[in-house]
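Take a look at the structure below.
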Amino acid sequence: MPAPVSLPVIDLTGSRSGDAAALHDCAAQIAAACREHGFFYVRGHGIAQGLIDDTFALSRRFFALPEDVKTRWHIDRSGIQRGFDPVGWQVLDPGKPADLKESFYLGVDRGPDDALVRAGTPQQGPNQWPDEQLVPGFKATTQAYEAAVRQLGHHLMGLIALGLKLPRDHFESYLRDPMPILRLLHYPTQPAQVHDGQIGCGAHTDWGALTLLMQDGAGGLEVLGADGRWIAAPPIAGSYVVNLGDLMQRWTNDRYRSTLHRVHSPAGRDGQAGERYSIAYFFEIDYHARVSALPGCFDADDPPHHPPISAGDHIVEMYRRTTVAPA
Ligand SMILES: O=C(O)CCC(=O)C(=O)O
Ligand SMILES: [Fe+2]
């Protein structure tokens, strides 16, 4: 029996039509979801299912390559967190055993003349691209997917701004030259032998502004409810799971939540190995943007809870804390 869906499912269709009433209605639904859960689903998002399917197909093709081939694009070769990270590279819940997932990280593909690269900005530079013959269409399709989801990210930030009684374009000044990350994820079948507490993806919050996640049909994602109980966030075909990251929690002075979540590895069924694929898009803001409590989110009785933070420094620090040191 499919797990029941208890997180809100919000239809963006009306908000995308330009109708002011629909826009505000959608913004209010998102504001309620952000306050209550920090997680919600969106449908009617306008991203073509064919593009999503093609991106999953490429991901399957890449992860099916032999380990020694995938390692040609090992993330540690890039020096800027781009490329293939094998099982064991990351521990999203530090102190627990390493996550049982592998992934491929893509960011904004910046050449040597890019202003941020010239300035020596951490984690900014070129992507690593798998050979076109091995994974045909990888670059073109992932770039098309990134562009489509980026647009959706801007739309959602506009709705979040409206829900906070700010101008719709309030967040655009933080998005002049941003550093979004597209991450293809693969969770192999849960091995027979695991360390105590070892799962697909350890409990963590996301670090940036927003995450837009597309999952396949396997399930396994869980979200920590306000009452301290884990609730399932099962796949809903064609819908994105959207969640807020740490920067949104800080902007809103903790009115909105950057919620802990985790993923269980697929167990397999009827003697068949299970697998899970997901595509995460981290809609990150400008590296040098400073994030502090927004107007309307603090006052004399409730001053800012956190000091201002640099978006990029926060993310670099979180990578440092969650990357397993090479043996
Ligand atoms: O694979 C998933 O469903 C979630 C992955 C995730 O939470 C992350 O990469 O931050
Ligand atoms: Fe996450």
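Miscellaneous remarks
Conditions tested, residue by residue: (1) open to solvent by 30 Å² or more (accessible area, probe 1.4 Å); (2) within 17 Å of L134 (Cβ to Cβ).
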position	(1), (2)
P66	yes, yes
T71	yes, yes
S78	yes, no
G83	no, yes
V91	no, no
K101	no, no
F104	no, yes
G107	no, no
R110	no, no
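- Looking only at the stretch 281-327, residues that are part of a loop (DSSP other than H, G, I, E, B), within 26 Å of Q151 (Cβ to Cβ) and open to solvent by 30 Å² or more (accessible area, probe 1.4 Å) come to 1 in all.
- Any hit, the stretch 29-45, residues being in a helix (DSSP H, G or I) and in contact with a Gly (Cβ under 6 Å, 6 or more places away or on another chain): yes
- In the stretch 165-217, of all residues being under 14 Å from P266 (Cβ atoms) and among the β-branched types (V, I, T), the one that is farthest from ligand 1 (Cβ to nearest atom) corresponds to V194.
- Qualifying residues in the stretch 179-205 (those that are open to solvent by less than 50 Å² (accessible area, probe 1.4 Å) and of a type in the set (G, A, S)) - the one farthest from A218 (Cα to Cα): G197
Here's the yes/no breakdown for (1) in contact with a helix residue (DSSP H, G or I) (Cβ under 8 Å, 6 or more places away or on another chain); (2) modelled with pLDDT of 95 or more; (3) more than 17 Å from C201 (Cβ to Cβ):
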| site | (1), (2), (3) |
| --- | --- |
| V223 | no, yes, no |
| G228 | no, no, yes |
| P235 | no, yes, no |
| M248 | yes, yes, yes |
| I279 | yes, yes, no |
| D302 | no, yes, yes |
| H306 | yes, yes, yes |
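To keep it simple, each residue is scored yes or no on (1) within 16 Å of ligand 1 (Cβ to nearest atom); (2) surrounded by fewer than 24 Cβ atoms within 10 Å (Cβ to Cβ).
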position	(1), (2)
N243	yes, no
D246	yes, yes
Q249	yes, yes
N253	no, yes
R262	yes, yes
G268	no, yes
Q272	no, yes
S278	yes, no
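- Residue within the stretch 101-110 that is part of a loop (DSSP other than H, G, I, E, B), within 16 Å of ligand 1 (Cβ to nearest atom), within 30 Å of G197 (Cα to Cα) and over 16 Å from the mean Cα position of the chain (by Cα) present: no
The values are calculated or read from the model by the stated rules, or taken from the named source; none is laboratory data. This one's a predicted model, so the numbers in the text were calculated from it and none came from an experiment. Cβ: placed from backbone, ideal geometry, glycine included. Neighbour counts: every protein chain shown. Calculation scope for accessible area: heavy atoms of the full protein, side chains included, ligands and nucleic acids excluded. Shrake-Rupley method; radii C 1.70, N 1.55, O 1.52, S 1.80 Å.
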